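Okay, structure first, notes after.
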Amino acid sequence: MQALRRHDRQVLGVSLQHVRTHHWWRDAVIYQVYVRSFLDSTGDGIGDLAGVRAGLPYLKKLGVDGIWLSPFFPSPQHDHGYDVADYCDVDPVFGDLAEFDLLMAAARRLGIKVLLDIVPNHCSSEHAWFREALAAEPGSEARARFHFAEGRGVDGEEPPNNWHAMFGGPAWSRVTEADGRPGQWYLHMFTPEQPDWNWRNPEIAAEFDRVLRFWLDRGVDGFRIDVAAGLYKHPELPDSDDPEADYRTRDAINQLAWNQPEVHDVWRHWRAVCEEYTARDGRERLLVGEVSVPTAREHAEYVRSDELHQAFFFDLLRTPWDADAFRKVVSEAMADIAGTGSTVTWVLNNHDQVRTVTRYGEAAPEGSGLGAARARAAALLMLALPGAAYVYQGEELGLPEVVDLPDDVLTDPIFHRTGSRMHVRDGCRVPLPWSGQASPFGFTTGGDGVRTWLPQPEWFAEYATERALADTRSFWHMYRDALQLRGSLPQLGEGTLRWLDSEPDVLAFVRGDGLVCAVNFGTAPATAPVPGTPLLASGPCPAGELPGATAAWWLADL
């Protein structure tokens, strides 16, 4: 047996003794629904709100606490809904407001919370206010809602600064004025079809206040906030010292365009709006932010008691498959984020990332088989950690990334702006397989002749939900069993974590008064940290042994 590695027996997290009232969101498991790829009710090959409603019993059976819906607002779909033309309506592709109300009612009957994806950093170039700005004069009130500026150079032919857009190319586009001459430039940190709002203009805050209340009045339980560290730009829009940084990594690290201090005032106001509604009826509304900042300490600033309830902790999904790396990331999150009184919001995947099975298998000599084993183990690890967890649709099926989509079907603006397949997100957005042996795999009501908006590979048949439900060894059953245990065991969910001594490739910790989770990051079997048969394991796990690429839970007196 390998020599044991000593760990500090430090207790990390917020003690349940200090939490007077249980708040549903603190340990919730939320399922991300990418609406256009979930289930199609109309036969056009694109998922819709009625399809989501039809799938709610499936999600109830899985055991999630709520769902987060990707944007379904009217949009020209240059970035699949993250370019919003009208924040208070439903795009006809996905249904209408009446269908949304039916979805809300069905979710309420099943006890499933509903979060909407709100996009406050930018809108669509087809938004009425931006069309008005294009028609207006430089210096007008209409243009003051956005970032319009004069160009540099002799005739203003160069952009106002050297910033790059996240999806490739410069962050500025030049407009043609009403008299036909080349005119001002406008800022877009993603694509030219997504102009950034100017949050230094009080009209923008007032407009989003209206938007929040529109959906809160329709009964939603909260919002996932896109680009939550964005919104405010440096008031002088100066050149960046490293203009290629955000372009190289697609991370929000241009500190002149992201993570400005004024953004926290927005979240304090939005939190007050949510608490106003909670005071009326006792139902807590949740704000969860997409926060990309360099450190866990900066991340923690967004989840202070009067700001966002949660912010996605992306470091876990970015961490290489290594026991020490995972322990370091978890420890930092527990110390810095849970230390604020909030809970950590764990994620392993979303609509912008390579699917977990593929990500963990890329560097593995055994390929996808080991990737699948690691993905199962990582899921049990995440679901045993203190706090909330978000699960991207299809992860419960063990879906791999579709890596061989032809160039002519790719829709991601990253591909069309860069010409490179690097970072392209279509592979994790292929419509889900539900049943059958051939595309469209039960995804659409339109029958076998309907083409899904992204093509499904033949091998999707192995991952159809119908097959997963029938196989007790499937990813689906492991997720369902883990969620049932989270709901029944007081040790799981919110609370504390204490590291245990373990062998070098093993990460082990105890929750509460005796729920032990251990993960073997190596390939060789290790000694289990506690004797006996595990309560739940990600793969075959004999008593007293923890095989490689396997996670397990035990109940023990420690």
Of (1) under 19 Å from the mean Cα position of the chain (by Cα); (2) within 30 Å of D239 (Cα to Cα), E158 satisfies all except one. Which?
-> (1)
Within the bounds of segment 126-143, is there any residue that is surrounded by fewer than 17 Cβ atoms within 10 Å (Cβ to Cβ), modelled with pLDDT of 95 or more, closer than 17 Å to L237 by Cβ and not acidic (D, E)?
-> yes
Scan segment 505-546 for residues that are over 15 Å from D322 (Cα atoms), in a loop (DSSP other than H, G, I, E, B) and not small (G, A, S) and jot them down.
-> D513, P525, P529, V530, P531, T533, P534, L535, P540, C541, P542
S342 over 24 Å from H22 (Cβ atoms), hydroxyl-bearing (S, T, Y) and in contact with a strand residue (DSSP E or B) (Cβ under 9 Å, 6 or more places away or on another chain) = no
Exception for W215 within (1) in contact with a strand residue (DSSP E or B) (Cβ under 6 Å, 6 or more places away or on another chain); (2) in a loop (DSSP other than H, G, I, E, B) falls at (2)
Residue count, segment 47-64, condition surrounded by fewer than 21 Cβ atoms within 10 Å (Cβ to Cβ) and in a loop (DSSP other than H, G, I, E, B), comes to 1
Which of the helices (runs of 4 or more DSSP H) contained wholly in segment 295-359 include at least 2 residues that are under 19 Å from the mean Cα position of the chain (by Cα) and farther than 21 Å from V227 by Cβ?
-> 323-336
Please work out which one of (1) in contact (Cβ under 8 Å) with a residue 40 or more places away in the chain; (2) outside any loop (DSSP other than H, G, I, E, B); (3) in contact with an Asp or Glu (Cβ under 8 Å, 6 or more places away or on another chain) is the condition W185 fails and give its number.
-> (1)
Residues of segment 147-171 that turn out to be in a strand (DSSP E or B) and charged (D, E, K, R), as a count = 2
Scanning segment 87-130 residue by residue, those touching a Ser or Thr at 6+ places or on another chain (Cβ under 8 Å), not aromatic (F, W, Y) and not in a loop (DSSP other than H, G, I, E, B) turn out to be D117
Yes/no for F312 being modelled with pLDDT of 90 or more and in contact with an Asp or Glu (Cβ under 7 Å, 6 or more places away or on another chain) | yes
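Report yes if P433 is free of Cβ contacts under 8 Å to residues at least 60 places away in the same chain, assigned to a loop (DSSP other than H, G, I, E, B) and either farther than 13 Å from G45 by Cβ or in contact with a strand residue (DSSP E or B) (Cβ under 6 Å, 6 or more places away or on another chain) (or both), otherwise no.
Working: free of Cβ contacts under 8 Å to residues at least 60 places away in the same chain: yes; assigned to a loop (DSSP other than H, G, I, E, B): yes; either farther than 13 Å from G45 by Cβ or in contact with a strand residue (DSSP E or B) (Cβ under 6 Å, 6 or more places away or on another chain) (or both): yes.
For P433, the condition - free of Cβ contacts under 8 Å to residues at least 60 places away in the same chain, assigned to a loop (DSSP other than H, G, I, E, B) and either farther than 13 Å from G45 by Cβ or in contact with a strand residue (DSSP E or B) (Cβ under 6 Å, 6 or more places away or on another chain) (or both) - is met.
Can you find a residue that is polar (S, T, N, Q) and more than 30 Å from R511 (Cβ to Cβ) anywhere in segment 412-431? Show your work before the answer.
Residues of segment 412-431 polar (S, T, N, Q): 418, 420.
Still in the running and more than 30 Å from R511 (Cβ to Cβ): 418, 420.
Yes: one or more hits.
Condition check ((1) aliphatic (A, V, I, L, M); (2) touching a Cys at 6+ places or on another chain (Cβ under 9 Å); (3) modelled with pLDDT under 95) across all residues:
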residue: P440; (1), (2), (3): no, no, no
residue: T445; (1), (2), (3): no, no, yes
residue: D448; (1), (2), (3): no, no, yes
residue: L454; (1), (2), (3): yes, no, no
residue: E462; (1), (2), (3): no, no, no
residue: T465; (1), (2), (3): no, no, no
residue: H477; (1), (2), (3): no, no, no
residue: A482; (1), (2), (3): yes, no, no
Check whether at least one residue in segment 222-234 is modelled with pLDDT of 95 or more and over 22 Å from H299 (Cα atoms), and report yes or no.
-> no
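So for segment 502-525 (the condition being within 30 Å of W434 (Cα to Cα) and either of a type in the set (S, T, N, Q) or at pLDDT 95 or above (or both)), does at least one residue qualify?
Scanning segment 502-525, I find no residue that is within 30 Å of W434 (Cα to Cα) and either of a type in the set (S, T, N, Q) or at pLDDT 95 or above (or both), so the answer is no.
Could you check, for segment 476-494, whether at least one of its residues is at negative phi, in a strand (DSSP E or B), surrounded by 19 or more Cβ atoms within 10 Å (Cβ to Cβ) and touching a helix residue (DSSP H, G or I) at 6+ places or on another chain (Cβ under 7 Å)? Show your work before the answer.
Of all residues in segment 476-494, those at negative phi come to 476-492, 494.
From what is left, the residues that are in a strand (DSSP E or B) are none.
Checked segment 476-494: no residue is at negative phi, in a strand (DSSP E or B), surrounded by 19 or more Cβ atoms within 10 Å (Cβ to Cβ) and touching a helix residue (DSSP H, G or I) at 6+ places or on another chain (Cβ under 7 Å).
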Which residues, taken from segment 449-473, are of a type in the set (S, T, Y) and either without any contact (Cβ under 8 Å) to a residue 12 or more places away in the chain or in the same structural domain as V329 (by TED's automatic domain parsing) (or both)?
-> T472
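Yes or no: H351 touching a Cys at 6+ places or on another chain (Cβ under 9 Å) and at pLDDT below 95?
Working: touching a Cys at 6+ places or on another chain (Cβ under 9 Å): yes; at pLDDT below 95: yes.
Yes, satisfied.
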Just name the residue that is surrounded by the fewest Cβ atoms within 10 Å (Cβ to Cβ) out of those in segment 144-194 that are closer than 26 Å to A205 by Cα and β-branched (V, I, T).
-> V175
All but one of (1) of a type outside the set (A, V, I, L, M); (2) part of a loop (DSSP other than H, G, I, E, B); (3) over 30 Å from T278 (Cβ atoms) hold for R174, so report the exception by its number.
-> (2)
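The values are calculated or read from the model by the stated rules, or taken from the named source; none is laboratory data. Quick caveat: nothing in here was measured; it's all calculated off a predicted structure. Neighbour counts are summed over all protein chains in view; Cβ atoms, including those assigned to glycine, are modelled from backbone coordinates with ideal geometry.
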